[in-house]
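Here's the structure, in structure tokens; my notes come after.
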Amino acid sequence: MYDTLVGLDDGGKIVPRLAEKWEQSATGATFTLKKGVTCSDGKPLTASQVAASLKRYQTTSAGTALTFGPGNTGSKTTITGDDKAGTVTVELGTPWGELLPGLSSTATGIVCAPGLRSDGLGAGAVPGAGTGAYEMTKTARGSSYELTLRKGFDAWPRYASMPPGAPAGTLRISVVKDESTLANQLQTGALDVAPFTGPDAARFANGDHSVRAAPLIRNFVAFNQRAGHPGADAEIRKAVAQALDPKAFNQVFGGAGQEMTSYVDAQAACVSTDTSLLTTTDAVAAEKILKGVRIKLVGSNAVGQGAGNTYVQEALRAAGAEVKLTNADNASWATQVLGNEGDWDVTVFPLISGRLANGGVYFVGESPAKGRNFGAVDNKKFLAGYAAATTTVDQNAKCAAWQQAQDALLKRNDVVPLATVNVHYVFRKGVSAAIPAGSLDPSTLRVSG
């Protein structure tokens with residue numbers, strides 16, 4: 001319903017959406033809007049409206065620091081629109097090379113003037129507020145939603161792999177919590193596309209459906225490195241890494257994920273694939289260090305009822321550690337681990353974002369509540385690499401800096417990469433969509449044949 005200025009494709013490539021082109025530097029960017037783009041009431045989308053929408057996002061969103069940079073909050077970022085030229089300019093007070101990926105986030109979707117004047121966006125559609133391909137026409141809140149294709153919409157994204165066929169005239173979206181029920185509805189033709197994280201996706205391996213997998217959660221082990229916790233000892237962190245086997249962790253979730261070589265998956269731009277940086281599994285060596293060590297392991301049970309956490313517990317116990325596992329719901333896990341000095345030693349971190357910059361914020365800066373460095377990691381080489389990577393727009397320099405940063409993090413075992421948990425998108429015959437950067441884009445759903 002609300003389109004973004006740009007999109008993020010595979011490998012971190014930025015592609016046009018509402019913006020036709022742009023000029024970028026480390027301290028900002030100027031976007032030229034596509035000609036003829038309208039709001040959902042048919043009125044022209046102006047540059048000043050885009051600027052007003054981004055200002056609203058800037059002042060109301062918790063994610064603004066990752067879009068404009070942690071040093072560019074508040075008045076340090078200036079956003080202006082030139083209606084005559086059809087351009088929107090974002091000026092940053094300090095360099096931040098992640099502006100364009102940040103503006104590809106759905107949270108930055110552009111809202112037209114009627115939505116900016118209304119308090120009703122949180123309750124559903126506001127007439128005339130949309131900029132995307134679809135308008136919401138029916139709502140059964142928490143149950144189902146119906147969206148209708150806008151006539152004349154012509155600001156489609158330009159991903160490298162666009163599916164064949166025509167846009168769907170109507171999208172009927174159902175909220176189905178049980179994946180077995182979801183699979184039954186897909187098999188009977190009640191649904192045309194559905195996502196699965198569990199074993200029901202295997203029911204569609206053969207037949208009139210196609211299955212595409214993409215990373216959903218990137219799992220790695222992280223440590224509380226505050227004084228008095230086992231993770232403060234580099235030898236213990238290494239021994240934990242030696243006790244764990246990413247292949248075995250992957251098998252816990254059916255073996256459909258990807259073994260990771262960093263804290264993001266292999267599809268990410270600038271991700272390290274250097275396996276020599278990883279600590280190899282060595283149960284004998286791990287036992288020499290971990291025998292008798294007491295470890296408080298805290299993990300989220302949001303995926304697979306916490307089966308991955310149980311694997312880590314058993315692997316550390318097999319190495320002689322005394323492990324107390326807390327398999328918490330996601331909110332409780334976040335409060336305990338990401339909060340202000342929670343009582344934990346080791347956690348299986350379920351990273352949703354596939355971007356190095358977004359994941360990296362958890363290892364730099366201050367600890368909660370002032371910052372996001374939940375494990376109190378003090379890795380100066382990682383910090384230097386992170387700073388260099390996020391303040392340049394030169395892709396070669398960016399990747400070189402990211403390699404330096406990941407090298408520092410992995411060699412110290414500040415993180416222990418495990419494996420992804422994948423989502424499997426299942427499509428009936430004749431229906432397909434683009435899945436840029438591992439996330440299905442509903443505006444690209446196409447019907448053919």
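The values are calculated or read from the model by the stated rules, or taken from the named source; none is laboratory data. Just so it is clear, the structure is predicted and the values come from calculations on it, not from any experiment. FYI the Cβ positions are ideal-geometry reconstructions off the backbone, even for glycines, and counts take in every protein chain you see.
Hey, among the residues in the stretch 381-420 that are of a type in the set (Val, Ile, Thr) and surrounded by 24 or more Cβ atoms within 10 Å (Cβ to Cβ), which one's nearest to Gly207 (Cα to Cα)?
Going residue by residue through the stretch 381-420, those that are of a type in the set (Val, Ile, Thr) are 390-393, 415-416, 420.
Now drop any that are not surrounded by 24 or more Cβ atoms within 10 Å (Cβ to Cβ), which leaves 390, 415-416, 420.
Details: Thr390: 45, Val415: 41, Val416: 39, Thr420: 26 Å.
This residue is Thr420.
Given the criterion in a helix (DSSP H, G or I), at pLDDT 95 or above and either in contact with a Gly (Cβ under 8 Å, 6 or more places away or on another chain) or in the same structural domain as Trp333 (by TED's automatic domain parsing) (or both), identify the matching residue among Ala400, Ala376.
Ala400
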Legend entry - Of residues in the stretch 64-79 being of a type in the set (Val, Ile, Thr) and outside any helix (DSSP H, G or I), the one farthest from Gly371 (Cα to Cα): Ile79
Legend entry - Neighbours by Cβ (under 6 Å, 6+ apart or cross-chain): first from the stretch 32-46, free of Cβ contacts under 8 Å to residues at least 40 places away in the same chain; second in a strand (DSSP E or B): Pro44/Thr38
Inset, instruction - Might you let me know whether the stretch 92-100 holds any residue that is more than 30 Å from Lys177 (Cβ to Cβ) and surrounded by fewer than 15 Cβ atoms within 10 Å (Cβ to Cβ)? - result: yes
Legend entry - Filter result for Thr310 (among the hydroxyl-bearing types (Ser, Thr, Tyr), more than 28 Å from Gly11 (Cβ to Cβ), out of contact with any Cys (no Cβ under 8 Å at 6 or more places or on another chain) and surrounded by fewer than 19 Cβ atoms within 10 Å (Cβ to Cβ)): yes
Legend entry - Any chance Thr261 is farther than 18 Å from Ala248 by Cβ and not aliphatic (A, V, I, L, M): no
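Just wondering, is there one or more residues in the stretch 339-348 that are among the acidic types (Asp, Glu), in contact with a strand residue (DSSP E or B) (Cβ under 6 Å, 6 or more places away or on another chain), outside any strand (DSSP E or B) and modelled with pLDDT of 95 or more? Can you show your working first?
Step one: filter the stretch 339-348 for residues among the acidic types (Asp, Glu), giving 341, 343, 345.
Next, only the ones that are in contact with a strand residue (DSSP E or B) (Cβ under 6 Å, 6 or more places away or on another chain) stay: 345.
Okay, now just the ones that are also outside any strand (DSSP E or B), so 345.
With the extra rule that they be modelled with pLDDT of 95 or more, the set shrinks to 345.
Yes, that holds for at least one residue.
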Inset, instruction - Would you check which residues across the stretch 232-269 are at pLDDT below 95, of a type in the set (A, V, I, L, M, F, W, C) and crowded, with 17+ Cβ neighbours inside 10 Å and list them? - result: Val252, Phe253, Ala256, Ala268, Ala269
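Restricting attention to the stretch 349-373, report how many residues are among the aliphatic types (A, V, I, L, M) and not in a loop (DSSP other than H, G, I, E, B).
4
Confirm whether Thr261 is under 30 Å from Pro199 (Cβ atoms), within 22 Å of the chain's Cα centre (by Cα) and assigned to a loop (DSSP other than H, G, I, E, B). Please lay out each step first, then the result.
Working: under 30 Å from Pro199 (Cβ atoms): yes; within 22 Å of the chain's Cα centre (by Cα): yes; assigned to a loop (DSSP other than H, G, I, E, B): yes.
So Thr261 passes the test.
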Inset, instruction - Can you tell me which residue within the stretch 325-356, out of those that are free of Cβ contacts under 8 Å to residues at least 24 places away in the same chain and under 11 Å from Asn301 (Cα atoms), is surrounded by the most Cβ atoms within 10 Å (Cβ to Cβ)? - result: Ser332
Legend entry - Positions within the stretch 219-262 being under 17 Å from Leu316 (Cα atoms), in contact with a strand residue (DSSP E or B) (Cβ under 8 Å, 6 or more places away or on another chain) and polar (S, T, N, Q), in sequence order: Asn219, Asn224, Asn250
Inset, instruction - Scan (1) more than 27 Å from Ser353 (Cβ to Cβ); (2) among the hydrophobic types (A, V, I, L, M, F, W, C); (3) modelled with pLDDT under 95 for the single condition Leu149 breaks and write down its number. - result: (3)
Inset, instruction - Find the strands (runs of 3 or more DSSP E) located wholly in the stretch 85-194 whose residues include 1 or more that are over 25 Å from Gly7 (Cβ atoms) and without any contact (Cβ under 8 Å) to a residue 60 or more places away in the chain, and list them. - result: 134-140, 144-149, 170-174
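Which residue is surrounded by the fewest Cβ atoms within 10 Å (Cβ to Cβ), if the candidates are limited to the stretch 27-63 and must be of a type in the set (Val, Ile, Thr) and in a loop (DSSP other than H, G, I, E, B)? Reasoning before the result, please.
First, the residues of the stretch 27-63 that are of a type in the set (Val, Ile, Thr): 27, 30, 32, 37-38, 46, 50, 59-60.
Subset that is in a loop (DSSP other than H, G, I, E, B): 27, 37, 46.
Working: Thr27: 18, Val37: 22, Thr46: 20.
Per the stated criteria, the residue is Thr27.
Does Thr80 count as modelled with pLDDT of 95 or more, touching a helix residue (DSSP H, G or I) at 6+ places or on another chain (Cβ under 9 Å) and closer than 26 Å to Thr139 by Cα?
Numbers: modelled with pLDDT of 95 or more: yes; touching a helix residue (DSSP H, G or I) at 6+ places or on another chain (Cβ under 9 Å): yes; closer than 26 Å to Thr139 by Cα: no.
Judged against the criteria, Thr80 is not a match.
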Inset, instruction - Check Ala256 against each of (1) in a loop (DSSP other than H, G, I, E, B); (2) over 23 Å from the mean Cα position of the chain (by Cα) and name the one condition it does not meet. - result: (2)
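Yes/no per residue for (1) in contact with a strand residue (DSSP E or B) (Cβ under 7 Å, 6 or more places away or on another chain); (2) within 28 Å of Trp96 (Cα to Cα):
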residue	(1), (2)
Lys381	no, yes
Ala388	no, yes
Val393	yes, yes
Ala397	no, yes
Gly438	yes, yes
Gly449	no, no
Inset, instruction - Only residues that are closer than 11 Å to Gly130 by Cα and β-branched (Val, Ile, Thr): list them for the stretch 38-51, please. - result: Thr38
